[in-house]
Every structure is written in C-alpha cells, then in structure tokens.
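Derivation of every value follows stated rules applied to the coordinates shown; laboratory data play no part. What you are looking at is a predicted structure, and each value in this text was computed from that prediction instead of being measured. When we count neighbours, we look across all protein chains shown, and the Cβ atoms used for this are built from the backbone with ideal geometry, even at glycine.
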Amino acid sequence: MTVNVNKPGIDLRSTITKTDKPTGTAGEAMLRAETAAQQQALLGVGRRNWIINGDMKLSQRGDYTSATSLSDETYYLDRYEQNIGTVTCTGQQISTNQPEELGGTNSWKIVATSSSPNAFMGTRQIIEDYTAFNGRPFTVSCYIKTNHPSVRFYLWNGSTTIQGYTTAINDDGWHRLEETFTFDVSSGTKFSVEVIALSQAGGFTNIRSGDYVEMTGLQVEFGKTATPYEQRSAAEELALCQRYYQVLIDNANGQRPVAAGRSNSTTTIEFQLPLTVGMRDITSLPQSNMDTIYLYSGGARVNTTSGTVSLNDDYLPGASYAYLRTDGASVTDDRAYTIGGFLADAYLAVEGEL
C-alpha cells in the first residue's frame with residue numbers, strides 16, 4: 001500500500017529572520033560590523049582618552065596636597081592650566097573619598113576664597129593634536145563634586161568657544177557629567193577642554209566664598225557615547241606628562257649631577273642634558289634661586305649665585321638631549337664640569353606646555 005505524506009515547504013529566509021537571537025542592540029551592531037576596526041571602535045578597545053593625567057595624580061611642579069593659592073593661567077597639576085576671574089581661589093590635590101568607580105585616583109579641588117557676582121573658576125587642559133577633532137563628534141566626561149549650580153564643560157579653540165548645556169549636580173556628591181560635542185577647530189589655533197563654574201551664556205556667574213568644584217576622571221573620546229574611564233599605568237602617564245614638563249634638579253636629588261659639560265671661557269659652560277622623554281618643545285627653564293644650583297669640577301664646587309641657566313641652542317622637538325649653558329659664574333676655562341643641586345630648595349626644570 002502506498003502512503004502519500006504532504007509536508008509544507010519551509011521558508012528558510014523567513015525562519016532565520018524570525019529567529020530570536022539574544023544579541024541585544026550592541027550585539028546586533030557587532031554582527032553588522034564589516035571590519036575589525038569597526039568592531040574595535042564599538043568595543044572601545046585601545047587608547048581612547050585624549051586627556052593626559054585625567055585622574056589628577058601627577059604633580060611634578062610641587063606638593064599641592066594642602067590648599068594652595070591659585071593664579072590665573074598657571075599650571076599646578078601636570079597638564080592643567082587654571083582659569084580664574086575676579087575671585088580668589090585655592091587648589092588642592094585630594095586623595096581620599098574618590099568616586100567608587102575610580103578607586104586609587106586623585107581629584108583636583110578649586111575653592112573660592114572671596115565672592116563676586118561676576119566671576120568664573122575652573123581648570124582646563126590644552127590638547128596638542130587639536131586638528132584631529134575638526135568636525136568629528138566627541139564626548140567629554142568627568143566625575144564632578146560641587147556645591148555650585150552652574151558647573152559645566154567649556155571648549156575653546158583659541159578664537160571661539162562652546163559651553164556645555166548640561167550642568168553638574170550640585171549636591172556635594174560625586175556624579176559623572178557627560179556631553180557630546182562637534183566643534184570646528186579649523187578656525188582656531190588650539191583646543192582646550194575645561195571644567196568650570198560659568199553661566200549658560202558662557203559668561204560670568206555668581207560665585208560666593210566657599211563655592212567649590214572638585215573633579216577627576218576627565219576623559220575626551222571620539223564618538224557619541226561615554227565609555228568607562230581609561231586608567232593608564234603610572235609609568236605611561238608620567239611619560240606623557242614629561243613630554244611637556246620635566247624636573248631636572250630638585251631637593252630630592254641632593255648633590256647628584258644631572259648633566260656634564262665643558263667651559264669655553266671663564267664665565268660660560270655648555271652642557272649636554274639627557275632628557276627622560278623627548279619633549280614637544282622647550283619654551284622655558286623654571287628654576288629656583290641660582291644659589292641653590294652648583295657646578296662641580298675635580299671635586300670642587302662653584303656657586304652660581306650670580307649666574308644664569310639658559311638654552312644654548314634651539315631645542316629640536318622630540319630630541320633626547322637639550323643643550324644648556326650657564327653664564328656669569330667664575331669658572332676655569334677649558335675644563336669639564338657637571339651641574340647639580342646642593343641646597344634643599346634646588347630646582348631646575350624644562351617646560352614645553354602649549
């Protein structure tokens with residue numbers, strides 16, 4: 001006996017389309033990515049943060065763990081320039097009570113010590129490769145603690161500005177502020193990102209004595225989504241900072257020489273100075289009183305009280321050496337010398353900030 005069985009046809013395309021795949025929105029995006037680069041961008045792998053010292057831990061210029069009076073357009077923590085107007089402020093590097101998500105970080109706290117109805121206070125970082133941001137969406141994020149109602153992000157390209165529309169929550173607790181921008185930097189000369197107490201219109205705001213802004217975990221990344229803060233190793237972060245600032249002699253060095261050179265007169269010595277990291281440029285040589293820096297030759301020490309330290313030749317950006325000279329001290333012609341610190345407040349650095 002013959003039995004005929006009729007089985008309906010299967011629409012494979014429809015079945016596959018209707019299959020419940022537990023991938024979610026992010027999974028779908030990964031499946032649709034056509035290249036490894038697109039998948040990396042979705043995952044946020046690799047170096048994302050364009051901010052250096054975003055967790056406020058490095059402070060080569062000094063110890064600011066106690067409240068320190070701040071000056072406008074001055075650097076304290078590495079890579080951060082202050083922006084303060086019509087009020088007096090202190091700054092302090094804080095290592096306790098950090099955001100739960102950022103264990104082991106520090107924060108920078110700016111506190112107003114006077115009052116003004118037309119003022120601003122904040123800190124900014126100037127990003128070197130600013131042309132990379134032209135016309136591309138990027139997201140700024142930062143953990144902020146404040147008691148002021150108008151703390152926001154502020155962008156500047158040297159000629160025009162954009163102020164953020166989102167303000168930090170002012171309840172004295174840590175909150176992550178996030179905002180996405182697109183900025184035409186082609187008409188400017190630089191690109192800085194700032195956390196500041198400022199009005200919505202980008203102008204002055206009322207600041208009272210005791211108002212403060214505390215921040216950590218500053219991050220700038222391409223894209224329209226803020227990813228978790230990228231914490232780099234201490235060694236890598238220090239090397240990034242030293243591209244702009246390096247300490248050569250400080251009170252911890254004692255009598256250790258930092259460079260060798262040769263006198264070419266009775267008042268001038270030229271030194272070849274090895275750098276830890278090749279710098280962006282050398283624009284100044286921050287130093288303490290010259291009577292704290294000494295020259296050494298054959299075991300004899302020469303005080304440089306009446307002398308100066310300067311660049312001997314233009315620095316070649318990225319070079320592993322800089323060439324210094326001392327002038328004015330009484331030395332012996334055509335003799336080898338080293339330079340180092342001796343007194344407790346000896347200090348000599350090379351700076352190349354933007």
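Gain on full extension, evaluated as 0.36 nm per residue between residue 291 and residue 334 minus their Cα-Cα distance, stands at 13.2 nm.
A crude spin-label estimate for the pair residue 204 and residue 262, with each label 7 Å from Cα along the Cβ direction, gives 6.1 nm. Listed options for volume of the Cα convex hull per residue in Å³ are (i) 144; (ii) 219; (iii) 134. The value calculated from this structure is the one marked (ii).
Listing 145, 57, 224 from the residue with the fewest other Cβ atoms within 10 Å to the one with the most, what is the order?
So the ranking, lowest neighbour count to highest, is 224, 57, 145.
Ranked for footprinting exposure by Cβ neighbours inside 10 Å, fewest first, 126, 269, 169, 293 give 169, 126, 293, 269. Non-local lysine pairs in the chain, meaning eight or more places apart or on different chains, with alpha-carbon distances under 28 Å, amount to 13. Using the alpha-carbon positions of the stretch 244-351, Rg (one decimal) and Dmax (whole number) come out as 12.8, 36 Å.
Shown is the FRET efficiency for residue 272 and residue 234, computed with R0 = 41 Å from the Cβ-Cβ distance and rounded to the nearest 0.05: 0.90.
In this rough spin-label picture, where each label sits 7 Å from Cα along the Cβ direction, the residue 316-residue 113 distance is 4.6 nm. For residue 190 and residue 251, a Förster radius of 30 Å and the Cβ-Cβ distance give a FRET efficiency of 0.35, rounded to the nearest 0.05.
A simple spin-label model places pseudo-atoms 7 Å from Cα toward Cβ; at residue 345 and residue 166 they are separated by 4.6 nm. When 121, 290 are arranged by Cβ crowding within 10 Å, least crowded first, meaning fewest neighbours, the order is 290, 121.
If you take all other residues with their beta carbon under 11 Å from the beta carbon of residue 152, and give Lys and Arg +1 and Asp and Glu -1, the sum is -2.
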